[in-house]
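Have a look at the structure below before the remarks.
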Amino acid sequence: MVRGVTMRIVLVAGGSRGDVQPIVALAQGLVRAGHAARVTASAEFAPLAEAQGVELWPVAGDVHSMMESDEAKAMLRSGNR
């Protein structure tokens, strides 16, 4: 912080737990440093964020269902990510 200035930060995390967990850890560090940090991610990760003392703003959609779709599997097989 610069002379008592607190930043308000929103971190966007899309994907699986492996994508979201590091963002939650970053937000947790920012909160400990005195900043107002929140994470936007799928609502399924709310318990993960809350357990770390981080507020989660849920976004619509189910990442797991999307990644199980035929379209997503074809995209991954093609190497076009």
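Assorted remarks:
- Filtered residues of the range 1-59 (kept if basic (Lys, Arg) and in a loop (DSSP other than H, G, I, E, B)): ARG3
- ALA60 vs. criteria in contact with a helix residue (DSSP H, G or I) (Cβ under 7 Å, 6 or more places away or on another chain) and farther than 15 Å from PRO22 by Cα: no
- Checking each residue in the range 7-45 for being under 27 Å from ALA72 (Cβ atoms), of a type in the set (A, V, I, L, M) and modelled with pLDDT under 95 picks out VAL12, ALA13, VAL20, ALA41, ALA43.
The values are calculated or read from the model by the stated rules, or taken from the named source; none is laboratory data. These numbers were taken from a predicted model, which means no experiment stands behind them. Every residue, glycine among them, receives a Cβ derived from its backbone with ideal geometry; neighbour counts consider all protein chains shown.
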